[in-house]
Amino acid sequence: MSVHTVSGTSSAHTTTHTAPHTMRAASPAQLGAFLNLPLTTTVPKEFVHRVSVAEVFLTGWARQEDDRFLVTGQWPRVHSFFTPVDGRHDPLLAAETLRQAGMLVAHAEFGIPLGHRFLMWDLALSVDPAQLTVGAAPATIEIEVSCRDVKRRRDVVTGFRCDVVIRRDGRTAATGSSSFTSMTPSVYGRLRGERERDPRILPLTAPTAPQTVGRTSPMDVVLSPVGRPDVWQLRVDTRHPVLFEHPVDHVPGMALLEAARQAASAHLGRSCQLLAITSEFENYAELDAPCLIGIEPAPGPATPGQERLLVTCRQNDRSVFRATVTVAGPES
């Protein structure tokens with residue numbers, strides 16, 4: 001499982017927004033200067049569990065039906081971590097967009113208070129590389145969010161599954177789904193105990209060579225060699241400005257997804273074009289014990305021109321994460 005936390009305890013707004021921003025009253029002359037100029041801002045960063053505004057990829061939202069929402073967003077042409085590959089946006093940027101859309105709906109439309117902790121139990125994503133081409137401007141996207149299996153306790157939403165379709169210029173760039181549950185800070189505190197109040201962190205391990213995992217900077221490498229083929233230790237750098245964008249008491253889900261992608265590159269001996277990933281977060285990946293990442297061919301046949309790999313993460317003799325990664329073949 002992956003838990004996402006955010007500071008603050010105020011309740012989220014439940015009104016419908018299409019581009020939430022606040023403006024002071026302006027004079028007629030000032031307004032005239034902006035009449036034909038579209039103005040856009042990001043959604044409140046607290047709604048997507050981010051501290052840095054630069055890491056917010058959503059720009060607005062509107063309710064379409066009881067459990068269906070339209071979310072707008074923007075992908076930057078260049079990002080410090082979700083770096084383009086072969087002129088295409090990073091598919092894990094779509095995964096982060098999915099995560100943010102779920103958090104946004106949870107707070108802004110389902111009324112789950114800020115400060116509640118979220119558990120992400122799984123995430124699945126499939127992308128169309130042809131729709132990920134980096135253009136001459138940031139990519140404007142629309143995310144159709146459909147929620148189901150909505151669970152309530154005393155009229156308060158405690159969990160749901162969301163299915164998303166991410167469109168760019170009217171064409172589907174990615175589809176995916178994820179399930180979430182939430183809990184109050186007091187319940188989370190009882191569950192996590194000292195791990196939340198005073199998390200202990202293993203010393204930082206040496207990175208695998210960046211070029212072997214599809215990276216250029218050692219800082220972005222999340223695998224460390226252990227001297228065994230197709231096995232690595234998860235490299236946990238809590239100083240990383242994106243994967244550990246704010247203090248947490250466990251390894252975030254996006255870091256585990258990145259580990260799966262890097263393991264695929266290391267196993268195949270080349271930079272991989274990620275086409276799909278299905279993942280399950282089974283237990284907390286703790287910061288104070290080694291996590292071992294393993295990889296092998298996934299069971300079952302693969303589509304021609306594709307390769308499927310099974311990635312597992314174990315800690316203290318139990319499974320904490322598993323993912324099936326689908327990548328384009330070497331000739332694609």
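May I ask you to say which residue of Thr14, Thr72 is farther than 30 Å from Gln211 by Cα, modelled with pLDDT under 95 and polar (S, T, N, Q)? Lay out the reasoning, then the answer.
Numbers: Thr72 fails: modelled with pLDDT under 95.
Criteria check complete, one pass: Thr14.
May I ask you to say which residue of Gly227, Gly189, Gly193 is at positive phi, open to solvent by less than 30 Å² (accessible area, probe 1.4 Å) and free of Cβ contacts under 8 Å to residues at least 40 places away in the same chain? Before the answer, list the steps.
Values: Gly227 fails: open to solvent by less than 30 Å² (accessible area, probe 1.4 Å); Gly189 fails: at positive phi.
So the residue among Gly227, Gly189, Gly193 that is at positive phi, open to solvent by less than 30 Å² (accessible area, probe 1.4 Å) and free of Cβ contacts under 8 Å to residues at least 40 places away in the same chain is Gly193.
Could you list, in sequence order, all residues of the stretch 79-91 that are among the hydrophobic types (A, V, I, L, M, F, W, C) and open to solvent by 40 Å² or more (accessible area, probe 1.4 Å)? Walk me through it before giving the result.
From the stretch 79-91, those among the hydrophobic types (A, V, I, L, M, F, W, C) are 81-82, 85; that's our starting set.
Hit for the stretch 79-91 is Val85, nothing else.
What are the residues in the stretch 230-246 that are of a type outside the set (A, V, I, L, M) and in contact (Cβ under 8 Å) with a residue 12 or more places away in the chain, if any? Step through it out loud before you land on a result.
Within the stretch 230-246, the subset of a type outside the set (A, V, I, L, M) is 230, 232-233, 235, 237-241, 244-246.
Within the stretch 230-246, Asp230, Trp232, Gln233, Arg235, Asp237, Thr238, His240, Pro241, Glu245, His246 qualify.
Just name the residue that is least open to solvent (accessible area, probe 1.4 Å) out of those in the stretch 38-78 that are acidic (Asp, Glu) and assigned to a helix (DSSP H, G or I). If you could, list the steps in order and put the result at the bottom.
Going through the stretch 38-78, the residues acidic (Asp, Glu) turn out to be 46, 55, 65-67.
Adding the requirement that they be assigned to a helix (DSSP H, G or I) leaves 46, 55.
Working: Glu46: 64, Glu55: 22 Å².
If we take residues in the stretch 38-78 being acidic (Asp, Glu) and assigned to a helix (DSSP H, G or I), then Glu55 is least open to solvent (accessible area, probe 1.4 Å).
The values are calculated or read from the model by the stated rules, or taken from the named source; none is laboratory data. This structure is a prediction, so every number in the text was calculated from the model and none was measured. Don't worry about glycine lacking a Cβ; one is built from the backbone with ideal geometry, like all the others, and counts go over all protein chains shown. We work out accessible area using only protein heavy atoms, side chains counted, and drop any ligands, DNA or RNA first. Shrake-Rupley method; radii C 1.70, N 1.55, O 1.52, S 1.80 Å.
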